[in-house]
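Okay, handing you the structure first.
The values are calculated or read from the model by the stated rules, or taken from the named source; none is laboratory data. If you're wondering where the values come from, they're calculated on a predicted model, not measured in any experiment. Cβ sites come from the backbone with ideal geometry, for glycine too, and all protein chains shown count toward neighbours. Protein only, heavy atoms only, side chains kept; ligands, DNA and RNA dropped before computing areas. Shrake-Rupley method; radii C 1.70, N 1.55, O 1.52, S 1.80 Å.
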Amino acid sequence: MADASAIEIRLGGFVDFVCARSTGRIAAVADTVSMYAEPYPFERDFYGPMRKAVLDGIANRDDVSRTNQVCESCSVRKKEHYQALTSGWQRWRRGKDVVVNPRGEDWRRQDLVVRVSPPIIVRSRNQRDLVWLYYKEPELTSDAARIANRIVELAIPSSIGRPAVLDIRRAKLHRASSPLPRGFDALLNAEVSAFTSLYEALRHSA
């Protein structure tokens with residue numbers, strides 16, 4: 001990173017923090033602390049093989065077969081989750097013109113750098129949706145979708161596409177809504193302060 005004092009986090013990690021309550025916030029920040037302590041191995045990413053199947057499949061126009069294959073070959077622990085993701089992805093994907101988005105940007109506030117990389121673009125006659133993919137089991141809340149969409153909107157030029165979040169398991173696309181509640185960006189800035197403060201406290205106590 002350019003600034004050695006900056007804290008880096010993925011968009012999903014920051015969204016998890018903002019939406020978490022009480023001690024859940026500690027867990028969200030602790031994940032970031034542990035990632036700095038040692039390289040993050042691919043095998044620790046529970047959804048890593050599914051992410052790879054989706055994105056490699058889109059690039060090669062065989063995402064349906066790849067998601068089926070990774071679902072069939074996954075461990076028993078992952079099976080139920082991967083089945084839900086495969087089913088949801090294929091229901092939503094049908095008939096759409098989807099391409100991989102090669103562009104990512106950073107959203108910088110104070111000492112926090114949020115990596116913003118919506119992985120796909122959905123093209124239609126009059127619109128391009130720039131889509132961040134949500135893989136987790138709990139249903140994506142409207143607040144989480146709104147936060148993610150707003151950060152994408154702030155980080156990436158609108159010419160690339162309209163921000164949206166896909167809750168894959170439920171085949172549900174959440175597009176950016178407007179107008180935002182008054183003070184929404186100020187709230188995000190306050191959450192950045194809360195995250196960085198807790199991060200420093202946990203890092204020094206580790």
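To test your reading of the geometry: what angle, between 0 and 90 degrees and rounded to tens, separates the Cα axis of helix 48-60 from the longest principal axis of the chain?
With both axes taken from Cα atoms, the answer is about 50 degrees.
Per 0.36 nm of contour for each residue apart, how much would the distance between SER87 and LYS136 grow if the chain were fully extended, relative to their Cα-Cα spacing?
Gain on stretching SER87 to LYS136: 16.2 nm.
Turning to a different aspect of this structure: Counting Lys and Arg as +1 and Asp and Glu as -1, what is the net charge of the other residues whose Cβ lies under 14 Å from the Cβ of ALA53? Present the calculation step by step, with values, prior to reporting the outcome.
On the way: positive: ARG51, LYS52, ARG61, ARG66, LYS78, ARG93; negative: ASP45, ASP56, ASP62, ASP63, GLU72.
Taking every Cβ under 14 Å from that of ALA53, the sum is +1.
Only Cα pairs within less than 10 Å get springs; with that Gaussian network setup on the chain, which residue of LEU55, LEU130, LEU187 has the largest fluctuation?
Highest fluctuation of the listed residues: LEU187.
Given R₀ = 22 Å, what would the calculated FRET efficiency be for ARG115 paired with LYS172, taking r from the Cβ atoms and rounding to 0.05?
Efficiency at R0 = 22 Å is approximately 0.35.
Moving on to the next point. Calculated from DSSP H runs of 4 or more alone, at -39500 (n - 2.57) each and per residue, what is the 222 nm mean residue ellipticity of the chain, nearest 500?
After summing the helix terms and dividing by residue count, I get -16000 deg cm²/dmol.
Against the longest alpha carbon principal axis of the chain, how many degrees, from 0 to 90 and to the nearest 10, is the axis of helix 63-73 turned?
80
Which percent of Cα pairs goes in each bin when the distances of the range 129-206 are cut into 10 angstrom slices starting at zero?
Cα pair-distance distribution for the range 129-206, in percent: 17, 38, 32, 12, 1.
On to the next question. Expressed as cubic angstrom per residue, what is the convex hull volume of the alpha carbon set of the range 67-147?
153
In whole angstrom, how far apart do the alpha carbon centroids of the range 104-171 and the range 178-206 sit?
19
Counting DSSP beta bridges in the range 118-179, what percent are antiparallel, to the nearest 5?
Restricted to the range 118-179, the bridges split so that about 55 percent are antiparallel.
Leaving ligands and nucleic acids out of the surface, order ARG150, ARG170 by accessible area at 1.4 Å, largest first. Kindly include the intermediate steps, with their values, before the conclusion.
Working: ARG150 45, ARG170 80 Å².
Result, largest first: ARG170, ARG150.
Could you tell me whether the chain comes out rounded, prolate or oblate from its Cα gyration tensor? Rule is a ≥ b ≥ c as square roots of the eigenvalues, rounded for a/c under 1.5, then prolate if a/b exceeds b/c, otherwise oblate. Mind showing how you got there, number by number?
Numbers: a/c = 1.83, a/b = 1.29, b/c = 1.41.
It comes out oblate by the Cα gyration axes.
In addition: Leaving ligands, DNA and RNA out of it, report the carbon-plus-sulfur percent of the accessible area of the chain at a 1.4 Å probe.
Reported share for carbon and sulfur atoms: 49 percent.
Pop the C-beta distance of ASP45 and ARG182 into the FRET formula with R0 = 25 Å and round what comes out to the nearest 0.05.
0.10
Between ALA27 and ALA190, what is the label-to-label distance in nm when each label sits 7 Å out along the Cα-to-Cβ direction?
Going from the ALA27 label point to the ALA190 one covers 2.5 nm.
Related question: What fraction of the DSSP beta bridges in the chain is antiparallel, stated in percent and rounded to the nearest 5?
Percentage antiparallel, nearest 5: 65.
Count charges around GLU80 for me, please; just the other residues with Cβ under 12 Å from its Cβ, Lys/Arg as +1, Asp/Glu as -1.
Summing Lys/Arg as +1 and Asp/Glu as -1 gives +3.
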